[in-house]
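Structure first, commentary second.
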Amino acid sequence: MVKKVYIIGHKNPDTDAIVAAKAYAELKHLLGKKEYIAARAGKLAPQTEYIFKRFDVEPPEYLPDLNPKTEYYMSESYESVDEGESLWKAVDKMVSTGVPVLSIIDKQGTYKGLLNYNAFALNSFKILNPKRNDIFTASLKLIEKTLNATPIVEFDADECFSYSIMVGDDDVETFRRLLEEHKTENVLVITGDREDIQKLCIESKVRALIITKDYLVSKELRELAQKNHVSILLSHDSTMTTAMLIEYSAPVSDMAEKTIKAVYADDPVHKIKPLLAASPTRCLPVVDENEKVIGMISESDLLHEPNIQVILVDHNEPQQSIEGIEHYVIQEIIDHHRINTFSTRYPITLINKPVGSTSTIISNMYRENRIPIPKQIASLLLCGILSDTLILQSATTTEYDVLTAEYLSNITGLDIQTLGNDIIKSGSHIGGRSAIEVIRQDMKEYSEGKVRYTVSQIEVDDTTEILKRKQEFLDTLNQERHANGTLFHALLVTDITKLSSIMFLASDESFEQVVNLPEQDEHIYYMKDVVSRKKQLIPLLTELLSKAIE
């Protein structure tokens, strides 16, 4: 059963990717589908952080990766038993529910051990072994529950104590000698309608006396038991049945497999596989960071589909997706980029429109579903459009984007130009930020056949500062290129005041030889009227790449 569906954008997400995930998850919720969760595959860029703070909206959940984890396969349906419960009641629960194992927990739900049939059989042999050292541990409360007994006189009912069992079926003198061989305060006697034995036990101050078959106890003996601090319980069963059952009054924790450790919800699947193989029942309890039991996982669970699925927004290329995406069913892709998409196991919903922003598509999905857009979400969507289209001035901007932005502006009362200037400026400052932080802020990986390359983009209102640090940026681009094994790594620096860009290029010599763009400085190219990575730069780089690999 699908427990969660993550709606997530590309790695190193920009504002449009994060806004689209948040807004689409909200639409799903308004349609009554609460299992959809907005997520992000990277840290918030300064511009995105500014937008979410400005409109007081919680950003999507951060997922460092989607590599298979225990929580994605575990079952939340499990049975547990309190560590103080009797073994008999625990086994009865296993039989009635049909589960092969019980997690043993304390009052706070913390994992203490595992009860399985193997452990039960092993420990039962110890109980039934005639050569055993017949010392048992229980409390009067546990004995009462196991026998369904009725307390007549009772002292310290909840206190656990160690005891030996004696059956009072001998003549009085013989039984007296047997009692004298024991510390009577640790003796529990089972007897029937034997008032002489009952009186002897009470006078000897045994720990407790169990009278079988609901035989009555005289008033005099009850008063004597009160005086001598001896507990009396009435059992409904015969002496033989009572003697057998009472041995299962031990706390279930005494029978637990305490060597079997629980696994954590965020443990990688590859880590728990050998632990499952070593478990006698091929299953293990799952705990959270506070050691509280939250589920159970078995080897067979790993053969099923995980209980999460994904929806991709603002991208459709595998290399741009969060790590581990290949393990999960993709329900939908909503995007506005070129199609270079996944091979999927099942039919999916694929919405790809040649517009300037994924936020434009999501905005109109609200309208198509006749769902009013909440004001805060409308504000985010407007920011997503303005960010991705450079305030509707990018070459990617369509009339559809403009009309959608005007619609959102009407809902929110926000002025398009003023809001656009605010959000563009919020992400344009690089002072105090490292080159690697700037480069990874909005970085996407592409492929052409077997060739991979990476392009980052940042918008600024003045290129002076970044040019002063040009060597730092070029060195960092080269380091990233070698670390990732790509043919080249480009950084497009877009000047929002001039609607043109410069491109820093760290490349293999074979590619840079075919780059015939105006060179502003060594490895830095001037890109007049180029502001869109998607619609202008990537097609140009693809054309140059075809020449380099001819």
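The values are calculated or read from the model by the stated rules, or taken from the named source; none is laboratory data. Owing to the predicted nature of the structure, the values given are computational and were not obtained by experimental measurement. As a convention, Cβ positions derive from the backbone with ideal geometry for all residues, glycine included, and neighbour counts pool all protein chains shown. Note: areas computed on protein heavy atoms with side chains; ligands, DNA, RNA excluded. Shrake-Rupley method; radii C 1.70, N 1.55, O 1.52, S 1.80 Å.
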quick note, the chain, DSSP beta bridge pairs, % antiparallel (nearest 5) is 50
Debye, to nearest 20: dipole size of the stretch 481-528, +1 on Lys, Arg Cβ, -1 on Asp, Glu Cβ: 240
Listed pairs Lys141/Lys205; Lys11/Lys468; Lys34/Lys444 exceeding 23 Å between Cα atoms: Lys11/Lys468; Lys34/Lys444
What angle do you read, to the nearest 10 degrees and between 0 and 90, between the alpha-carbon axis of helix 399-412 and the longest principal axis of the chain? 60
Nearest-ten-degree value, helix 375-388 long axis tilted from longest Cα axis of the chain: 40
What's the ranking of 244-253, 501-510 by average number of surrounding C-beta atoms within 10 Å, highest first? 244-253, 501-510
Mind pulling the per residue volume of the convex hull built on the Cα atoms of the stretch 158-279? Å³ is fine. 151
Nearest 5 percent is fine: what portion of the DSSP beta bridges confined to the stretch 395-550 is antiparallel? 75
What list of ³J(HN,Hα) couplings, whole Hz, do you get for the stretch 501-507 from phi and the Karplus terms 6.51, -1.76, 1.60, once you set θ to phi - 60° and write x for glycine and proline? 9, 10, 10, 8, 10, 10, 9
Taking all protein chains as present, what is the carbon and sulfur share of the accessible area of the stretch 52-124, in % to the nearest whole number, probe 1.4 Å? 49
Relative contact order computed over the chain (Cα-Cα under 8 Å; 6+ residues apart), in percent: 15
Against the longest alpha carbon principal axis of the chain, how many degrees, from 0 to 90 and to the nearest 10, is the axis of helix 470-484 turned? 50
Just report the Cα centroid separation between the stretch 1-42 and the stretch 296-351, whole Å. 13
Find the relative contact order for the stretch 334-450 and round it to a whole percent, using C-alpha pairs within less than 8 Å whose residues are 6+ positions apart. 22
Want the number for Asp266 to Arg433: 0.36 nm per residue separation, take away the alpha-carbon distance, what's left? 56.9 nm
Per-peptide average of other Cβ atoms within 10 Å, ordering 367-379, 318-330 highest first: 318-330, 367-379
If you put +1 on each Lys and Arg Cβ and -1 on each Asp and Glu Cβ, how big is the dipole of the stretch 366-524 around its Cα centre, in Debye rounded to 20? 520
For the pair Glu154 and Ala395, what calculated FRET efficiency results from E = 1/(1 + (r/R0)^6), where r is the Cβ-Cβ distance and R0 = 56 Å, to the nearest 0.05? 0.05
Rounded to the nearest 0.05, what FRET efficiency is calculated for Lys450 and Asn410 with R0 set to 56 Å and r the Cβ-Cβ distance? 0.70
Quick one: if you take sqrt(5λ) for each eigenvalue of the C-alpha gyration tensor of the stretch 268-348, what semi-axes come out, biggest first, whole angstrom? 33, 14, 11
Sites Glu305 and Lys547 - FRET efficiency at Förster radius 35 Å, r taken between beta-carbons, to 0.05: 0.20
Counting only heavy atoms of the protein chains, get the accessible area per residue of the chain (1.4 Å probe) and round it to a whole Å² value. 45
The stretch 382-531: relative contact order in percent, alpha carbon pairs under 8 Å with at least 6 residues between: 17
Of the accessible area of the stretch 301-412, computed with a 1.4 Å probe and all protein chains kept, carbon and sulfur make up a percent value of 51
Helical contribution to [θ] at 222 nm, DSSP H n ≥ 4, -39,500 (n - 2.57), averaged over the chain, rounded to 500: -10500 deg cm²/dmol
Just the number: Rg to Rh for the stretch 510-550, Cα atoms, Kirkwood Rh, two decimals. 0.97
Gain in length, Asp56 to Phe161, computed as 0.36 nm per residue apart minus the alpha-carbon separation, to one decimal in nm? 31.9 nm
Between Asp267 and residues 5 or more places away or on another chain, the pairs with built amide H atoms under 5 Å apart involve Thr70, Glu71
Residue by residue through the stretch 451-459, what is 3J(HN,Hα) from phi via Karplus (6.51 cos²θ - 1.76 cosθ + 1.60, θ = phi - 60°)? Round to whole Hz and write x for glycine and proline. 8, 10, 8, 10, 10, 10, 9, 9, 9
Over the Cα atoms of the chain the radius of gyration and the largest Cα-Cα distance (Dmax), both in Å, equal 36.3, 116
Given the C-alpha centroids of the stretch 354-408 and the stretch 442-464, what is the distance between them in whole angstrom? 24
Give, in nm to one decimal, the length gained when the segment between Glu472 and Asp170 is fully stretched (0.36 nm per residue of separation minus the Cα-Cα distance). 99.0 nm
Directionally averaged shadow of the stretch 132-209, computed from the convex hull of its alpha-carbon atoms, nm²: 5.3
Please list 3J(HN,Hα) in residue order for the stretch 29-37, calculated via the Karplus relation 6.51 cos²θ - 1.76 cosθ + 1.60 where θ = phi - 60°; whole Hz, with x for glycine and proline. 4, 5, 8, x, 10, 7, 7, 7, 10
Inverse of <1/r> over all distinct C-alpha pairs of the stretch 187-235, i.e. the Kirkwood Rh in Å, gives 10.3
Work from the charge dipole of the chain (Cβ charges, +1 for Lys and Arg, -1 for Asp and Glu, about the Cα centre) and give the residue of Ile333, Met240, His482 farthest towards its positive end. Ile333
Summing +1 for each Lys or Arg and -1 for each Asp or Glu, what net charge is found among the other residues whose Cβ lies under 15 Å from the Cβ of Lys353? -4
Apportionment of accessible area to carbon and sulfur, the stretch 190-278, percent (1.4 Å): 53
Assign unit charges at the C-beta atoms only (+1 for Lys and Arg, -1 for Asp and Glu), then state the dipole size of the chain relative to its Cα centre in Debye, rounded to the nearest 20. 460
